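Written out below as structure tokens is the structure these notes cover.
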Amino acid sequence: MKFSRPIISLVLLAVLLMEAAMAGAGEDGADTYLVYVNPAPPGVACQAHQLGILAAALGGEEKANAAMVYNYKNVMSGFSARLTPSELEAVKKQPQVNRVLPSAKLQLMSSNFEGVS
């Protein structure tokens, strides 16, 4: 059985969004966001590249490690992180950041996919 690449990508993105949404908003006013970034340069580890972007925005690697929820490298280049409103604005200003989206809880409406077994 063969699935089309766009459908697989959409399903994987939906799963990633659900993972990121599980953290929810905290007492510190932080929410979870998906941060899309430029791919890592050749020879640079994906996670190190993404952590460097977040560390530059938050003012240090310790803060970046605490904020990072998950990093993505297969379907997209980016990470999910728990950010306060001021941290969010700092992340958006990073030149390697392409887009930032709030996480969202998605519900599967049906487990019956036509043509998929």
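The values are calculated or read from the model by the stated rules, or taken from the named source; none is laboratory data. Everything numeric here is computed off the predicted structure, so don't read it as measured data. All Cβ positions, glycine included, derive from the backbone under ideal geometry; neighbour counts span all protein chains shown.
Structure data summary
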| read-out | value |
| --- | --- |
| Members of the range 95-115 that are modelled with pLDDT under 90 and surrounded by 10 or more Cβ atoms within 10 Å (Cβ to Cβ) | Ser103, Ala104, Lys105, Leu106, Phe113 |
| Wholly within the range 27-94, helices (runs of 4 or more DSSP H) carrying at least 3 residues that are of a type in the set (Gly, Ala, Ser) and either without any contact (Cβ under 8 Å) to a residue 60 or more places away in the chain or buried (at least 17 other Cβ atoms within 10 Å of the Cβ) (or both) | 46-58, 61-67 |
